[in-house]
Amino acid sequence: MKIEGLKIGQTVFVKGIITDIEKDEILDLEIHTSENNFYVNSSDVYASPIQQKIEVPQCVIDWVDDSRERDYEFDEWFDPDNHPLEVYKWLNCKNKRQADINALALVTLIVNGPDAVTVQKEKLYTVEIPNPNRNSKGCAKFRLEKLGDKVYLVKRKSKDVYQNKDSQKLTEQEIRKDFDWAWQQGFAEEVTE
């Protein structure tokens, strides 16, 4: 909206995200906008009519995309015999409400395609295997690194140029496939960017 079209006293709506709720306060909501935070009374707030896209893990999107070649009937999409383990676990999680939301997300994906959903970002990890005999910063480090579609244990120099490369950022599934012991020992550290 252009400022020329606004008038003093005119009702407006501001796009923002609720960041805090204080039920005992008059100004009970904290709203974050692109520029700053401000407090308002919840009676002055209206929920956005814009529907958020449902989040779906990349593995589910890939499975649906690959399965389209099988020409499934609608009910076959929900047959557990047709699901890889990760899709089965996602659709049949312990929380019943979340399982229903996931089933709705699958229907949305099947009917409307991948543009109708948002890809759920998988957590990424780096794995460095500690060396108890390392006595200086100049010593090499052993890290897991993805080369092509395989993960290898590689020896890297300690210089920053060799650290935190994209090829060293791995999903839990990539780590556990061949290096479950490293995951079990707690050597994986979540990437925070």
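The values are calculated or read from the model by the stated rules, or taken from the named source; none is laboratory data. Since the structure is predicted, the reported quantities are computational estimates derived from the model, not experimental observations. Don't worry about glycine lacking a Cβ; one is built from the backbone with ideal geometry, like all the others, and counts go over all protein chains shown.
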Check your understanding: Which one is modelled with the lowest pLDDT among residues in the stretch 48-66 that are closer than 16 Å to ASN102 by Cβ and polar (S, T, N, Q)?
Key -> GLN52
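The rows are residues; the columns are (1) loosely packed, with under 14 Cβ neighbours inside 10 Å; (2) not in a helix (DSSP H, G or I).
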| residue | (1), (2) |
| --- | --- |
| ARG68 | yes, no |
| TYR72 | no, yes |
| ASP75 | yes, no |
| VAL87 | no, no |
| GLN98 | yes, no |
| ALA103 | no, no |
| LEU106 | no, no |
| ILE110 | no, no |
| ASP115 | yes, no |
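If a residue has to be among the β-branched types (Val, Ile, Thr) and part of a loop (DSSP other than H, G, I, E, B) to count, how many in the stretch 1-58 make the cut? Talk me through it step by step, then tell me what you get.
Quick first cut of the stretch 1-58, residues among the β-branched types (Val, Ile, Thr) only: 3, 8, 11-12, 14, 17-19, 21, 26, 31, 33, 40, 45, 50, 54, 56.
With the extra rule that they be part of a loop (DSSP other than H, G, I, E, B), the set shrinks to 8, 11-12, 14, 26, 33, 45, 50.
Looking only at that region, the number is 8.
Is it true that TYR46 is at negative phi and surrounded by 13 or more Cβ atoms within 10 Å (Cβ to Cβ)?
Judged against the criteria, TYR46 is not a match.
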Check your understanding: Residues in the stretch 164-174: is at least one modelled with pLDDT under 70 and on the phi > 0 side of the Ramachandran plot?
Key -> yes
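Quick check, is LYS137 modelled with pLDDT under 85 and assigned to a strand (DSSP E or B)?
In short, no.
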